[in-house]
Amino acid sequence: MTSSLFRGRPRHATGHIGVRVGHAVLGGAAGVVWLVLPVMTSTTQDPVPAARGGTVAAAEADGASATDYVLPLVAVAAAGALGGYGYVRRIRRSRSRTTPGLVSPAPPAPSPVDVERQARASLVLADDCVRTSREALGYVTAAEPVLRALRAAETELSAAFAIWRRYEEGTPEDPAGRRQALVGVVGRCAEAGRQLDGEAEGFDAEWGAGDALAVAEGRFRELAGRTGGVQRALAEAERRYGASAVASVVGYVEQAKDRLVFATSRLNRARQDDDSGDGDGFRRGLRAAEGAVAQAGVLLGGVTRLTEELRTAATLLPAALTGAEAELAAVRATGFPPRLTHADGVLAAVRDELTGGPYDPLDALRRVVRAVEGTGGGRSGVIAAGAELVARSTTGSADDFVGTHRAAVGTEARALLAAARGAGAADADRLARKARELAERDVRAHGNPFAGEGAAAQGSGVAGAVLGGVQLGEEADGGPVVAFGGPDTRGRWG
């Protein structure tokens with residue numbers, strides 16, 4: 001096996017080079033001997049008559065000295081020639097050997113477990129980058145190249161999640177195909193990040209051109225003013241529809257307040273850094289405040305959306321019951337499917353709930369829709385509208401939770417949520433509910449990394465900012481802040 005330094009050179013060419021080097025060394029040695037021969041001749045066969053006395057003695061001494069130097073030179077030249085020839089032969093033998101011990105082995109290929117782990121990490125990172133970039137764009141009037149980069153990243157991420165979803169379902173089945181699928185996931189995620197990295201500088205230019213501090217402070221004040229009203233609306237919804245109806249947003253108002261507390265400290269710090277001329281500190285503080293304000297908006301918006309969806313479901317439910325009974329009657333006329341009895345029971349139970357006190361309109365509507373679909377029905381307009389409302393509510397709830405707890409949420413929940421976005425109403429509801437369940441499990445397992453900190457750290461909002469992915473560390477100050485961009489640029493603001 002030949003060394004990588006000599007790949008591409010024919011083996012016989014390498015051998016010829018060694019022979020030529022050996023010939024050159026031997027030729028050099030012969031040249032040295034040839035050059036010193038006249039000296040040896042002049043000292044032993046001098047044709048000039050010798051002088052008398054002291055002059056003769058001096059000449060004999062000089063001749064002896066020259067001879068003494070010539071012989072060592074000849075010996076050194078011969079030794080050098082032999083040594084060079086031996087070195088060339090050793091090099092040729094070492095290059096032609098195939099003994100494994102003399103050749104560095106190639107690094108082992110990553111195991112299937114390692115490749116799968118890399119794919120999981122790539123999906124989470126790419127999803128975080130897309131979410132953060134989307135949030136950051138809410139504070140600038142972005143030019144088309146920046147928007148185009150985000151859309152391209154979203155497309156690549158969706159494709160990566162689709163490949164991963166098929167992989168989890170067992171497609172493809174052969175090991176080589178499954179490895180290639182994982183490589184495809186990693187490649188798609190890398191391309192999503194590359195798209196965002198490529199426009200990070202363009203985003204910075206647009207962000208710096210506007211009055212980002214004024215925009216963030218304005219949104220902060222608007223959300224702070226909404227908090228009380230959202231909290232009252234949530235309490236009213238719980239009183240009217242029951243605790244189970246609002247369970248998905250319990251604690252959201254408190255989390256929003258926590259994000260706003262964090263945003264307050266970062267906005268104040270950003271203004272101080274701006275006044276002192278600390279540009280890096282200004283960017284870090286303001287970007288952290290922007291992320292926290294954006295997530296406070298998501299949390300409060302989730303509560304508002306749910307209260308509206310509950311009212312809409314309560315209004316739609318009587319018509320859905322009537323439409324469902326009509327569809328069941330049509331199915332009954334063509335036969336008596338086994339699921340028909342079950343559907344009749346579901347509709348009767350929902351009617352009892354309507355007159356029996358607080359109930360969850362969205363859950364009741366979901367059960368009506370599923371009961372009809374189980375008999376092969378569900379094609380009427382009111383049933384389809386109910387299915388769309390339920391799916392939209394569940395998917396939005398799961399997306400809000402994942403986005404505001406992204407530091408703890410793993411691949412499975414994100415993949416199911418991505419699948420729900422592109423599925424039909426019935427499948428979207430099922431997938432999104434499972435995604436929310438897995439995301440909540442991940443958050444419980446993650447815990448609070450700041451549990452051992454003092455009261456000041458607990459009340460600063462840093463824990464919520466880290467859990468929401470606004471900052472990337474678990475240090476007392478939250479660590480680096482994230483900005484628009486992919487893996488190579490999102491932490492550029494420190």
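Convex hull volume of the Cα atoms in the range 373-494, per residue, in Å³? List each step's numbers first, then the result.
Details: hull volume 15.4 nm³, N = 122.
Expressed per residue, the convex hull around the Cα atoms of the range 373-494 is 126 Å³.
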_Within-11-Å neighbourhood charge of ALA119 [Cβ basis; K, R +1; D, E -1]_ = +2
*Roughly speaking, what is the stretch gain from VAL113 to GLU254, that is 0.36 nm per residue apart minus the C-alpha to C-alpha distance, in nm to one decimal?*
46.7 nm
_Neighbourhood net charge (13 Å Cβ-Cβ; Lys/Arg +1, Asp/Glu -1) for ALA214_ = -2
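Could the peptides 418-429, 131-142, 199-210, 482-493 be put in order, highest first, of the mean number of other beta-carbon atoms found within 10 Å of their residues? Walk me through the numbers on the way to the answer.
Working: 418-429: 18.3, 131-142: 19.8, 199-210: 16.8, 482-493: 21.9.
Highest mean packing first, the order is 482-493, 131-142, 418-429, 199-210.
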*Space enclosed by the convex hull of the alpha-carbon atoms of the range 303-377, per residue, Å³*: 75
_Testing the spin-label approximation: label points 7 Å from Cα along Cα→Cβ at GLU388 and ALA224. State their distance in nm._
4.0
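Coordinate-derived values only; no laboratory data. Just so we're clear, the structure is a prediction, and the values are computed from it rather than from any experiment. Here Cβ is always computed from backbone atoms with ideal geometry, including for glycine, and neighbour counts include all displayed protein chains.
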